[in-house]
Amino acid sequence: MIKTLNKKIDNKFKILLMLAFFTVAVGLWGNYRQLWLAANNLTASSISKVISIASVVAALSLAFYTQKFSLNKLRIGMLITLVIKIFISFMLIIIDGTNNLFWIKFLSFFDIACENIIITSIYPYIMIYQKSDELYGKKTVVENLGKTIGVFIGSILFGRVLFNHLISYKSCLIISIVFVFLAFLTLISIKDKQREVHEKTNKEHILKYLKKEKLLVFYLIYNAISNLSYNIVIGLKMLMLTTYNNFSTQTATYLVLMFCIIDIIFGALAIKMLKSKNDYINMSIKFLVRIILYIIVFITNSPLILLLAMGYTLITNIAYSNLISGFMTNSINENYVLDFTVINYIFQLVGEAIGIYMAGLLFNQGYGNLLIVAAGVMVIQLVMAYYIIYRKRQKLK
């Protein structure tokens, strides 16, 4: 009994460690991807389209992925995806600076898609061993901590000369490959215990299940709108900081790093201090303050307030995320966890794609116009959040 429990704990730790390695790679390369694309002669509008289309590609890939890999085969699917990710990264290194825009865009689509597939698969995989609001919160903290460490590594190395070699965007991509490989080794070391998990053969189609669970459908729409509003402001953050605020790449990286560290600390504290009776207040702290800051940016057109608004959006990314997401995810029938997680992530990716696309369209119109649009969308998001909390309280009575 104790032996089995230790194995489960070990496997949960390994999965989180694998997630940490992978998100370090995502944070390191993802922080510079936009600037790398710009260095390869893509405009802000083109970059937003690349990332948006990549999100759509990821959504379609996920739809295929969930049909081919059931919950008890999830590890195999992730291993295959990690190998594809490593291959694509090497191809991006080869074509860097060649001005071959078609292949740069095409490979970037699938590079981002692979990242999304892996991150989407983690929580359904870890739920084989345990599911709880706290574990969901830990997964979120580890994911964001890994990305922050990736940004930190980039902030230390970028622009420096090591062994007579200038650390550039390409160097950061090479280092990210190392962390993806470490994630691969960690995942392959996990005993394939999940084969003991059996899905019921008589489960109905996920769409029929969702037809009965109206709140889950409402939650899917909420997530799409949440990602839309967030990515209008943050989707092109490095380009915004280097263009609107005239920061250097290094300074912009330091700022993103600082905000991400605060986000992790705030998020970790929120998990420990969460009290259900304060749900409405917590949601207001997260979203209502953002709306007010966005409106102030629109009125003042101040680069300093823009920086404050972007900073506040970044530092409140993790905090209180499990108030709604943890509750909704853990309320799903276990037979539908993988299917629902994939559909949920598809909705998020669609929201992200629209948000980043809108950011690209509005980029040359000024950041005031960009943020007032985000504020309008976020008002809808906040009202929806309040409704989900209301339903959550009813269910927990």
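Every number in this text was worked out from the coordinates using simple rules, so none of it is lab data. Quick caveat, the model's predicted, so the values are computed rather than measured. A quick note on method: Cβ atoms are made from the backbone with ideal geometry, for glycine too, and the neighbour counts reach across all protein chains shown.
What to note about this one:
- Per-residue Cβ neighbour rank within 10 angstrom, fewest leading, Ile88, Ile174: Ile174, Ile88
- Residues Tyr254 and Val161, FRET efficiency given R0 of 22 Å [Cβ-Cβ distance, rounded to 0.05]: 0.70
- Approximating the spin labels as points 7 Å out from Cα along Cα→Cβ, the Lys14-to-Ser189 distance works out to 0.8 nm.
- Residues Ile221 and Leu101, FRET efficiency given R0 of 30 Å [Cβ-Cβ distance, rounded to 0.05]: 0.30
- Least to most buried among Val350, Val256 (fewest other Cβ within 10 Å first): Val350, Val256
- Ordering Trp29, Trp36, Trp103 by the number of other Cβ atoms within 10 Å of each residue's own Cβ, fewest first, gives Trp103, Trp36, Trp29.
- For a label point 7 Å along the Cα-to-beta-carbon line of Lys395, residues of region 329-363 with backbone N under 20 Å: 329-348
- Restraint check, Lys139/Lys214; Lys139/Lys392; Lys49/Lys105, Cα-Cα greater than 18 Å: Lys139/Lys214; Lys139/Lys392
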